[in-house]
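Below is one structure, written out as structure tokens; comments come after it.
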Amino acid sequence: MKCILLTTALSLLSATAAATCIKPDIKPYDPDTYYSSITNQQGTELKSALNKIIRGHTRFSYKCTWTILKEADEDPNNSNNVIGFYTQRSIPKVNQDQGENDPDFWNREHIWSKSHGFRSKKQHAYTDAHHLRAADRSVNSDRSNNDFANGGKPDDECTLCKEGKGTWEVPTKQKVILPE
């Protein structure tokens, strides 16, 4: 009985911490040493070493990702706004989409679409802040779950974005260009 009560109490504490979106105390990231333990590794050895690096990460609720995006995508010229990922438009943080269907509000864009493999909020990728971005609601709706590809016709609102049959091209400045 004591074990059940303790487990229940810990679950409630966890749920409360997640609901209040407590910012964890994280040591600063040092890009020169972060991956130093995986130099010259490959295959399963590399996979295992990478897993050790990321193990124990802090997982936030989907509700908390609003708070994360308000900081991560904050407009550097106006701290009351976020920058929409595709349009680069500055949007007031208070215009967070809560189901109002206002096309000028902003919502959360999953850069890798939820429908491509993680539909449940219980799956880690659903709330992974590494691929969530603030986005103009109507442009995010236009992108839908289309795959990224080059080409298409300019989007009505984000003219630097291009829509094709089931495809979406982001503006060039939003692309990561890998060396050949």
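Each part reduced to its alpha carbon centroid, the range 82-98 and the range 100-115 end up 10 Å apart. Relative contact order of the chain: 15 percent, from C-alpha pairs under 8 Å at least 6 residues apart in sequence.
For the chain, a Gaussian network of Cα nodes joined below 10 Å ranks Ser141, Ser115, Ser36 by mean-square fluctuation, and the top entry is Ser36. Karplus-derived 3J(HN,Hα) values for the range 106-119, using 6.51 cos²θ - 1.76 cosθ + 1.60 with θ = phi - 60°, are 10, 9, 9, 9, 7, 4, 9, 3, 4, 5, 8, x, 8, 7 Hz; glycine and proline are entered as x.
In the elastic network of the chain, a GNM with C-alpha springs shorter than 10 Å, the most mobile of Asp104, Asp30, Asp75 is Asp30. Calculate I(q)/I(0) for the range 54-180 by the Debye formula, one identical point scatterer on each C-alpha and no solvent, and give its log10 at q = 0.11 Å⁻¹ to two decimals. Listed by q, the Debye log ratios stand at -0.39. Farthest toward the positive end of the dipole of the range 58-146, out of Gly99, Ser79, Ala125, is the Cα of Ala125, where the dipole comes from beta carbon charges about the Cα centre.
Let me check I've understood the local charge: for Asp104, count other residues with C-beta under 12 angstrom from its C-beta, Lys and Arg +1, Asp and Glu -1. What total comes out? Please report the intermediate quantities before stating the final value.
Values: positive: Arg89, Arg137; negative: Asp97, Glu100, Asp102, Asp136, Glu157.
Neighbourhood net charge equals -3.
Could you give me the percent of Cα pairs per 10 Å distance bin for the range 21-119, shortest bin first, beginning at zero and ending with the bin that holds the maximum distance? With a bin width of 10 Å, the distribution comes to 12, 30, 32, 20, 6, 0. Between Asp155 and Cys161, Lys162, Glu163, the built amide H atoms are under 5 Å apart, and every one of these is 5 or more places off in sequence or on another chain. Ordering Glu71, Glu157 by the number of other Cβ atoms within 10 Å of each residue's own Cβ, fewest first, gives Glu71, Glu157.
Principal-axis analysis of the Cα atoms of the chain puts helix 43-54 at an angle of about 80° to the longest axis.
Determine the alpha carbon to alpha carbon distance for each of Lys63/Lys121; Lys23/Lys121; Lys63/Lys93; Lys23/Lys114; Lys23/Lys52 and list only those over 18 Å. Walk me through the intermediate numbers first.
Working: Lys63/Lys121 10 Å; Lys23/Lys121 20 Å; Lys63/Lys93 15 Å; Lys23/Lys114 25 Å; Lys23/Lys52 22 Å.
Listed pairs above 18 Å: Lys23/Lys121; Lys23/Lys114; Lys23/Lys52.
Evaluate E = 1/(1 + (r/R0)^6) for Glu157 and Tyr62, where r is the Cβ-Cβ distance and R0 equals 22 Å; express this FRET efficiency to the nearest 0.05. Using R0 = 22 Å, I get an efficiency of 0.30.
Hey, what did the range 58-146 get for relative contact order, percent, Cα under 8 Å, at least 6 apart? Don't jump to the answer; show the numbers that get you there.
On the way: 128 pairs, mean separation 29.5, N = 89.
Dividing the mean separation by the residue count of the range 58-146 yields 33 percent.
Of all chymotrypsin sites (Phe, Trp or Tyr not before Pro) in the range 32-91, which ones are in loop regions per DSSP and have a Cβ with at most 13 other Cβ atoms within 10 Å?
Passing sites in the range 32-91 are Tyr34, Tyr35, Tyr62.
Measuring nothing but alpha carbons in the range 108-176 and taking Rh as the Kirkwood radius, the Rg to Rh ratio lands at 0.97. For Glu71 and Val176, what is the calculated FRET efficiency with R₀ set at 25 Å and r taken between the beta-carbons, to the nearest 0.05? The value I calculate is 0.70. Put a plus charge on the Cβ of each Lys and Arg, a minus charge on the Cβ of each Asp and Glu, and nothing anywhere else: the dipole of the range 58-146 about its Cα centre is then about 520 debye. Loop-located trypsin sites (Lys or Arg not before Pro) in the range 113-180 (DSSP state other than H, G, I, E, B) with a sparse environment of at most 13 neighbouring Cβ atoms within 10 Å: Arg119, Lys121, Lys122, Lys165, Lys175. Which of Ile38, Ile22, Ile83 moves most in a GNM of the chain, Cα contacts under 10 Å? Between Ile38, Ile22, Ile83, it is Ile38 that shows the largest mean-square fluctuation.
Every number in this text was worked out from the coordinates using simple rules, so none of it is lab data. Quick caveat, the model's predicted, so the values are computed rather than measured. FYI the Cβ positions are ideal-geometry reconstructions off the backbone, even for glycines, and counts take in every protein chain you see.
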